[in-house]
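Structure first, then comments.
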Amino acid sequence: MSRFRQNYVTKPIHRWARGALPRLSQTESEALSAGEVWWDAELFSGNPDWSKLAAVKRPTLTKEEQAFLEGPCTELCEMIDDWAINHDRADLSPEVWQLLRDNGFFGMIIPQSHGGLGFSAFAHSEVVRYISTRSVAAAVTVMVPNSLGPGELLMQFGTDEQKQHWLPRLAGGRELPAFALTSAEAGSDASAMTDSGVVCRGTWNGQEVLGIRLNWAKRYITLSPVCTVLGLAFKLRDPEGLLGGEDDIGITCALVPTDLPGVETGRRHIPASTMFQNGPTEGHDVFIPLDHIIGGPDYAGRGWMMLMSALAAGRGISLPSLAAAAVALSAHTSGAYARVREQFGLPIGKFEGIQAPLGRLAAGSYELDAARRLTCAGLDEGRSLAVISAIMKLHGTTRMREALNHAMDIHSGKAVIDGPSNYLAPLYKAVPIGITVEGANIVTRNLIVFGQGAVRAHPHLLDEMRALEEEDEAKSLAAFDSHFWQHVGHSTKTFFRALGRAWTGGRAAPAPAAGDATWIYRQVSRWSAAYALTADVAFLTMGGDLKRKEMISARMGDVLSDLYILTAALKRWDDDGRPKADVPLLEHAAKSALTRIRRSMDEVIANFPARWAAVLLRIVTRPGGTSRGPDDHLTRTCADVLMTPSESRDRIIGRMFGGCERDGVRQLDDAFARVIAAEPIRKRLRDANMTREQAAEEGFISREEDAELEAMQAAVARVIAVDDFAPEDLAAYFPDYERPERQAPEAAE
Ligand SMILES: Cc1cc2nc3c(=O)[nH]c(=O)nc-3n(C[C@H](O)[C@H](O)[C@H](O)COP(=O)(O)OP(=O)(O)OC[C@H]3O[C@@H](n4cnc5c(N)ncnc54)[C@H](O)[C@@H]3O)c2cc1C
């Protein structure tokens, strides 16, 4: 039977598929194969196994990690003067650099056996998140050596000798790394780089050795102006056949000490007024021995695979942690500000116009931080999460932009006026940096999340593609036959699942018994099945063309991302002991996500080139129903969470630097606490229709109560105030600034 099926049924399909599917280039194939899939694959299967999510260990900190946050991390944040970094020094202060080195901030991911801190992914993320609430420049400085770069590459691929030599130096900050991939011609398409290495003989430490002559011109490289070692990506050639193989070896990563003759670093870029060290670097005929290739000569030409693999881990931590910090800080400060700032005789947070963005901030922060935690938990299981890390980078930074827009709107003039006490403007300015780096968001959304997710997270697609790529015709057919028919079985089950779940409005979809959240689990199960079916129909009808249909791919990626982030919120709620008080946050997140999912699926189906497929999908997956987001009552409830101290509010904020005298956060916290504490007295005054002065004079309130109100008013006035500058101070920032001469009224006439 199986031979008959193979020869008469599978064979023509196999022949067609081999012709129709575009052959993958080596870089594409390596990018697709990098890293692993995890919970994303469950969501993609159309039938997520909820017990797997429940089994994921809740991320926690060890005593040492906790002590690090309370000790060196807090000390660092107190020492940082973010305004001075961005306006006076154009750099961190020497004391801050020293503190970073002395306390091992640059070696968080390096194991203790090599002199690093050996932190978990979660601890690493908490540190970046914490610092990000004080200074983006400092956070980026800490982030880079711990993310994609020499440290990560050495740990994954370095030889023992390289690890022994470099890791302790990197961990202790004796060596400062930068990672140089991007060049003028090669941005998103990094594989188009023209930076070159040629295998040749040269002199190293007085001896003639086999090595590489490098020439490069990179730009945008973080830490490049101050780094002592570059992790350099270049295209390696061996025209004289000195390595005994091909001329064109391919993308290779090597360690290049910056004190070698021919290396040029030091010039600076100014990235969106955020003065971390970033700049171009050039190399002219720089010679390195072959053992400077990361992983040694065996890894010559394997650079692309190494980069993709290292990216899968680092991308899940750095920017998502910074983004979660920005969203949490936006939620925290906007809630407090909306409570202390009054207009028309009321806290502005009492107006629905402010409650709408506040509600989104509360739920958004809860949800994004949940996704950060789940991702860290996955990374701490030792997984290298390719698709999830792309989702986290893309949606973390996109949501950071949305959150900061809300926070800026709520604060209005207070957030627009720049100065040391403006806690939002530095993050707002830095948003495009997060959007651009580690894979610009448009590329990540349009090409990576679904492009890679579909292939990696789908239960059968990658196996089918590998079978089609097999050179040996008979082997190719046999393997394809097995995977193809498993795929058909999967699709059939998915079809009936999607149909049954959609036509019962999700009621027939499986869910664990989760009290208030059971309906959300059901809806995720329902949409996961609809999604899996839509993906299968898309592969069937569009095949290789799907790669060019970026708009469809982007929306499909959005659905997978929303499913991932929403299930992370469910997991967090569960891990936290299912607190009743957090149910509105979870519901708001769920209703928003489900509305977006419905819309994206509608738009995908509406744009399906094969109309029969669109009609079929609409009938199976979308029987009626409208997209309704969170109702106004729910939004108001979520907004209230941010305006009233509670455990829920604390959970949204998480571990965050508590502010210092220089930034405005401490003043805001102080005013917020005083306004809350004084509320009963103020209510009595309101009920009696009295001003404070009248009430004090008539003895309606005690002297202590009057003093409490006075202190509260002073604290609020400090928050409402914004920075201003004397003309002579301005001249420090704008050297050509001339104080405008005030014209005498007669002269003006
Ligand atoms: C502050 C900063 C720090 C950085 N740090 C480093 C570093 O340390 N090391 C390093 O190597 N690099 C670094 N980079 C480089 C960064 O990774 C690149 O900027 C990024 O990859 C995008 O390249 P590009 O800016 O040249 O944009 P381009 O590639 O020119 O892209 C322009 C736009 O087109 C979109 N686009 C491109 N191709 C497609 C496509 N096929 N489909 C849809 N849209 C597409 C992009 O998404 C983007 O929106 C840094 C950049 C900045 C700004």
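The values are calculated or read from the model by the stated rules, or taken from the named source; none is laboratory data. A quick note: this is a predicted structure, and the numbers were derived from the prediction, not measured. Cβ atoms come from the backbone with ideal geometry, glycine included; neighbour counts cover every protein chain shown. Accessible surface is based on the protein model in full, side chains and every heavy atom, while ligands, DNA and RNA are left aside. Shrake-Rupley method; radii C 1.70, N 1.55, O 1.52, S 1.80 Å.
Between 543, 505, the distinction of being over 30 Å from residue 26 (Cα atoms) and surrounded by fewer than 16 Cβ atoms within 10 Å (Cβ to Cβ) belongs to 505 only. Selection within segment 43-102: residues that are part of a loop (DSSP other than H, G, I, E, B) and open to solvent by 80 Å² or more (accessible area, probe 1.4 Å). The member of this set that is farthest from residue 535 (Cα to Cα) is 60. Within segment 621-647, the set of residues being touching a helix residue (DSSP H, G or I) at 6+ places or on another chain (Cβ under 6 Å) and under 19 Å from residue 560 (Cβ atoms) comprises 621, 627. Considering the conditions (1) closer than 18 Å to residue 277 by Cβ; (2) within 16 Å of the ligand (Cβ to nearest atom), residue 173 is excluded by exactly one of them, (2).
In segment 424-433, which residues are more than 12 Å from the ligand (Cβ to nearest atom) and open to solvent by 20 Å² or more (accessible area, probe 1.4 Å)? Hits for segment 424-433 are 426, 428. Annotation: residue 411 fulfils all but one of (1) closer than 28 Å to residue 532 by Cβ; (2) in contact with a helix residue (DSSP H, G or I) (Cβ under 6 Å, 6 or more places away or on another chain); (3) more than 16 Å from the ligand (Cβ to nearest atom); the unmet one is (1).
Close Cβ contacts (under 6 Å, 6 or more residues apart or on different chains) running from residues in segment 591-608 that are acidic (Asp, Glu) to residues that are assigned to a helix (DSSP H, G or I) comprise 603/555. I need the full set of residues from segment 192-217 which are more than 12 Å from the ligand (Cβ to nearest atom) and closer than 24 Å to residue 175 by Cα, in order please. Matches in segment 192-217: 197, 203, 204, 205, 206, 211, 212, 213, 214, 215, 217.
Yes/no per residue for (1) more than 26 Å from residue 387 (Cα to Cα); (2) open to solvent by less than 60 Å² (accessible area, probe 1.4 Å); (3) small (Gly, Ala, Ser); (4) within 25 Å of the chain's Cα centre (by Cα):
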position: 447; (1), (2), (3), (4): no, no, no, yes
position: 465; (1), (2), (3), (4): no, yes, no, no
position: 477; (1), (2), (3), (4): yes, yes, no, no
position: 480; (1), (2), (3), (4): no, yes, no, no
position: 490; (1), (2), (3), (4): no, yes, no, no
position: 499; (1), (2), (3), (4): yes, yes, no, no
position: 514; (1), (2), (3), (4): yes, yes, yes, no
position: 525; (1), (2), (3), (4): no, yes, yes, no
